[in-house]
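Colleague: The following block contains the structure, expressed as structure tokens.
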Amino acid sequence: MLSAAEITGLLALPPSALKSDGEHWNEESTVDLEEATRLADQMIKDGVSAIGLCGTTGECATLLWDEKVELYGAVIDAVGGRVPVWCGATALGTREVVRQMRAAKDLGAAAAFVGLPLWQTPTMENAVGFFADLAEAVPDLPIMVYANRFFFKFDFPVEFWQGIVAKAPTVIATKVGFPLTREHLDAAGHQVNFMTGEGTIGMHYRLAPETVTSAWATSAAMGPEPWVAFLDAVRRGDRDEAEKVLADIEGVPLPIPDFADFDKYNIQLEKARINAAGYTHCGPPRAPYRDLPPAWSEVALSNGKAWAEMRAKYVTAG
């Protein structure tokens, strides 16, 4: 079973590739398995160390459970053990999350990717208790906490991580979506790999470079080579090269019209910019998250094209 120390390299969090003719609400099998497996194979060839399915851009909230099972099984089979595959198992209640985690494990998932239930605002007691229950119910499947404080209505403070260490031993990683501090690392860094990524990796690297062994990236689905180059430089201890690559990554413009509205258009924006980059065709998002104002579409298009241009020098260098 994976441990925090064994999590290294780039965790790609790609969109779920969806059929272009499956947008209507009455469609029941809309995942483009051919493109999903092709993308997984290509990302591995281009250097990713793990693949995480059905996060936000992976449309964990919009796919049917049967579609997730099809996707997980197809990608796990295509990957063939070359890298770990992490499967999303976020739902509205503990029993359903347990059911999904057990199914993912049976399909061959290396870990589960789990956010807090979204119905009520979590208390500290039920937030820690939720992951403690998962650890008891599925003790042989590691968990990454999807710690997005905006979506999950919880700030993931130091006290939460202290509770995780005390009560939830299968939590080995988190996708950081909160202001990371030394106190978080000191409280749980021996058990939990605090994985930063787009928009946060620079802060983490400059705060505590010795704790950066991995990163997550949705933009891996636009071509992961820049991220792979950054993490290779970090692993070698080449601070100058790491900062140089990071400057390229952070320099790709994403001038969101109003960040206060990002949680309204997250999926739509991500899938539009990924499609624009040309590395994969992930299809349109599923209902109800289909609206994207023209100003946001323009940002997505320009960002995808700019990533493709920036990535080209890393492909050439490789």
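Okay, residues lined up against (1) assigned to a loop (DSSP other than H, G, I, E, B); (2) open to solvent by less than 30 Å² (accessible area, probe 1.4 Å); (3) at pLDDT below 95:
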| position | (1), (2), (3) |
| --- | --- |
| Asp77 | no, no, no |
| Val98 | no, yes, no |
| Met101 | no, yes, no |
| Ala104 | no, yes, no |
| Ala112 | no, yes, no |
| Gln120 | yes, no, yes |
| Ala127 | no, yes, no |
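Colleague: Right, another one. Is one or more of the residues making up the stretch 294-301 more than 27 Å from Val245 (Cα to Cα) and either out of contact with any strand residue (DSSP E or B) (no Cβ under 6 Å at 6 or more places or on another chain) or small (Gly, Ala, Ser) (or both)?
Modeller: Looking through the stretch 294-301, at least one residue is more than 27 Å from Val245 (Cα to Cα) and either out of contact with any strand residue (DSSP E or B) (no Cβ under 6 Å at 6 or more places or on another chain) or small (Gly, Ala, Ser) (or both).
Colleague: Turning to a different aspect of this structure: When you look at Cys60, is it touching a strand residue (DSSP E or B) at 6+ places or on another chain (Cβ under 6 Å) and modelled with pLDDT under 95, yes or no?
Modeller: Yes; evaluated as a whole, the condition is true for this residue.
Colleague: Given the structure, is Ser20 surrounded by fewer than 18 Cβ atoms within 10 Å (Cβ to Cβ) and within 16 Å of Ile274 (Cα to Cα)?
Modeller: Yes; evaluated as a whole, the condition is true for this residue.
Colleague: Name the residues in the stretch 291-318 that are free of Cβ contacts under 8 Å to residues at least 60 places away in the same chain and buried (at least 21 other Cβ atoms within 10 Å of the Cβ), would you?
Modeller: Hits for the stretch 291-318 are Trp296, Val299, Ala300, Asn303.
Colleague: Determine if the stretch 161-175 includes at least one residue that is out of contact with any Gly (no Cβ under 8 Å at 6 or more places or on another chain) and basic (Lys, Arg).
Modeller: No.
Colleague: Can you tell me which of Gly81, Gly88 is open to solvent by 10 Å² or more (accessible area, probe 1.4 Å) and small (Gly, Ala, Ser)?
Modeller: Gly81 is the lone residue from the list that is open to solvent by 10 Å² or more (accessible area, probe 1.4 Å) and small (Gly, Ala, Ser).
Yes/no per residue for (1) hydrophobic (A, V, I, L, M, F, W, C); (2) within 30 Å of Val234 (Cβ to Cβ):
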residue: Ala137; (1), (2): yes, no
residue: Lys153; (1), (2): no, no
residue: Phe160; (1), (2): yes, yes
residue: Thr170; (1), (2): no, yes
residue: Lys175; (1), (2): no, yes
residue: Glu183; (1), (2): no, yes
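Colleague: Residue pairs, Cβ under 8 Å, 6 or more apart or interchain, first in the stretch 255-283 and among the small types (Gly, Ala, Ser), second part of a loop (DSSP other than H, G, I, E, B). List them.
Modeller: Ala272/Leu292; Ala277/Gly223; Gly283/Ala17; Gly283/Lys19; Gly283/Ser20; Gly283/Gly22; Gly283/Asp32
Colleague: Moving on. Determine if the stretch 141-156 includes at least one residue that is surrounded by 20 or more Cβ atoms within 10 Å (Cβ to Cβ), at pLDDT 95 or above, under 30 Å from Gly304 (Cα atoms) and of a type in the set (Phe, Trp, Tyr).
Modeller: Yes, there is a match, as at least one residue in the stretch 141-156 is surrounded by 20 or more Cβ atoms within 10 Å (Cβ to Cβ), at pLDDT 95 or above, under 30 Å from Gly304 (Cα atoms) and of a type in the set (Phe, Trp, Tyr).
Colleague: If I filter the stretch 291-303 down to residues being hydrophobic (A, V, I, L, M, F, W, C) and part of a helix (DSSP H, G or I), which single residue comes out as farthest from the chain's Cα centre (by Cα)?
Modeller: For the stretch 291-303, the residue satisfying everything is Ala295.
Colleague: Find the helices (runs of 4 or more DSSP H) located wholly in the stretch 178-290 whose residues include 1 or more that are in contact with a Phe, Trp or Tyr (Cβ under 7 Å, 6 or more places away or on another chain) and open to solvent by 40 Å² or more (accessible area, probe 1.4 Å), and list them.
Modeller: Where helices (runs of 4 or more DSSP H) fall fully within the stretch 178-290 and carry at least 1 residues being in contact with a Phe, Trp or Tyr (Cβ under 7 Å, 6 or more places away or on another chain) and open to solvent by 40 Å² or more (accessible area, probe 1.4 Å), they are 262-277.
Colleague: What tally of residues in the stretch 6-21 results from selecting those that are free of Cβ contacts under 8 Å to residues at least 24 places away in the same chain and not in a loop (DSSP other than H, G, I, E, B)?
Modeller: Total meeting the criteria: 1.
Colleague: Taking the stated definitions as given, is Ala61 of a type in the set (A, V, I, L, M, F, W, C) and closer than 30 Å to Ala233 by Cα?
Modeller: In short, no.
The values are calculated or read from the model by the stated rules, or taken from the named source; none is laboratory data. Bear in mind that the values here come from a model prediction, so they are computed numbers and not experimental data. Glycine also receives a Cβ, built like all others from the backbone with ideal geometry; neighbour counts cover every protein chain displayed. Calculation scope for accessible area: heavy atoms of the full protein, side chains included, ligands and nucleic acids excluded. Shrake-Rupley method; radii C 1.70, N 1.55, O 1.52, S 1.80 Å.
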